[in-house]
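Just below is one structure, and these are the notes that go with it.
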Amino acid sequence: NAGVMQNPRHLVRRRGQEARLRCSPMKGHSHVYWYRQLPEEGLKFMVYLQKENIIDESGMPKERFSAEFPKEGPSILRIQQVVRGDSAAYFCASSPSSGNSPLHFGNGTRLTVT
Amino acid sequence: GENVEQHPSTLSVQEGDSAVIKCTYSDSASNYFPWYKQELGKRPQLIIDIRSNVGEKKDQRIAVTLNKTAKHFSLHITETQPEDSAVYFCAASGDSGNTGKLIFGQGTTLQVKP
């Protein structure tokens, strides 16, 4: 059973460009969570999605960030007009249910904005 | 919303000694408390978890205790080994709505000296 798959592993963008981060949950998991980790800091919740629905986006910045989890295909975290402060590791996690189940993390996408 | 505080931020022990990491949380509705280990450049991995109907749980050299009245929980690692060196994160379920969202502590960097 493949784990949570994220790609790309590393992404370099110039200021003002768009970044698209992809996450395929574990097989059988329909709940996806995105977290951001700044260097030497903890994991900050961004957004929780189920198929075709955003359930909780309380951790998402109000502008430039969006997320989706379409009926078919991976979940996408999109950052428009990136700035240097967006440089971080973005982790996706999945779980089989919404009720107090362990989150299984992918290997993350390390975004560098130059 | 939920807030999780973790202490200490760094911990250095001699191989064979015990290590204790403590966390407090603010939302009395939280009922799920996992611990994750993250090695440098890698994904967070679940090492142990506890639910609010249990006061203590042990798995080989790792144990977790929970005090719901005081809203704090702790990770205990006995007979530490150099491969235990990593960053450890505690987490608490983020809301009483059972979205499965986890709120993480700031992390503890554990160094085990051979």
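Taking every residue in A:39-50, how many Cβ atoms of other protein chains lie within 10 Å of its Cβ, on average? All intermediate terms of the calculation are to be shown ahead of the outcome.
Values: counts 0, 5, 3, 13, 11, 2, 9, 0, 1, 5, 0, 1.
Counting other chains' Cβ atoms within 10 Å and averaging over A:39-50 gives 4.
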- Query: Put a dot 7 Å past each Cα toward the Cβ at B:THR69 and A:VAL12; how far apart are the dots in nm?
  - Reply: 5.8 nm
- Which order results if A:LEU38, A:LEU77, B:LEU110, B:LEU11 are arranged by neighbouring Cβ count within 10 Å, fewest first? A:LEU38, B:LEU11, B:LEU110, A:LEU77
- Task: Please quote Rg/Rh for chain A to two decimal places, taking the Kirkwood radius as Rh and restricting both calculations to Cα atoms.
- Result: 0.94
- The base-10 log of I(q)/I(0) that the Debye equation returns for the protein assembly as shown at q = 0.10, 0.14 Å⁻¹, one scatterer per C-alpha, is -0.45, -0.88
- Task: Quick one: among A:GLY85, A:GLY99, A:GLY59, which has the greatest mean-square fluctuation in a GNM of chain A with alpha-carbon springs under 10 angstrom?
- Result: A:GLY99
- Item | Shielding by partners, peptide B:41-47 (average Cβ within 10 angstrom, other chains) | 5
- Query: Tell me, what is the FRET efficiency for B:ASP17 and A:GLU72 to the nearest 0.05, using R0 = 35 angstrom and their Cβ-Cβ distance as r?
  - Reply: 0.10
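Please state the relative contact order of chain B as a whole percent: Cα pairs under 8 Å, 6+ residues apart? Write out the running numbers ahead of the final one.
Values: 291 pairs, mean separation 42.2, N = 114.
Reported relative contact order: 37 percent.
Within 10 Å of each Cβ of A:92-104, how many other protein chain Cβ atoms are there on average?
On the way: counts 1, 4, 1, 2, 1, 2, 5, 6, 12, 5, 10, 8, 4.
Per residue, the number of nearby Cβ atoms from other chains is 5 on average.
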- With no solvent and one point per C-alpha, what does the Debye sum give as log10 I(q)/I(0) for chain B at q = 0.11, 0.15, 0.24 Å⁻¹? -0.32, -0.60, -1.40
- Item | Listed residue (B:THR99, A:HIS31, B:CYS23) projecting farthest to the positive dipole end of the protein assembly as shown, Cβ model | A:HIS31
- Flagged links, alpha-carbon separation over 19 Å, of B:LYS37/B:LYS71; A:LYS44/B:LYS57; B:LYS22/B:LYS57; A:LYS27/A:LYS71; A:LYS71/B:LYS42: B:LYS37/B:LYS71; A:LYS44/B:LYS57; A:LYS71/B:LYS42
- What is the order of B:GLU56, B:GLU83, fewest Cβ neighbours within 10 Å to most? B:GLU83, B:GLU56
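Here, each number is a calculation from the coordinates, and none is a lab measurement. Note that the coordinates shown come from a computational prediction; the quantities given were computed from them, not determined experimentally. In this analysis, Cβ positions are derived from the backbone assuming ideal geometry, glycine residues included, and neighbour counts consider all displayed protein chains.
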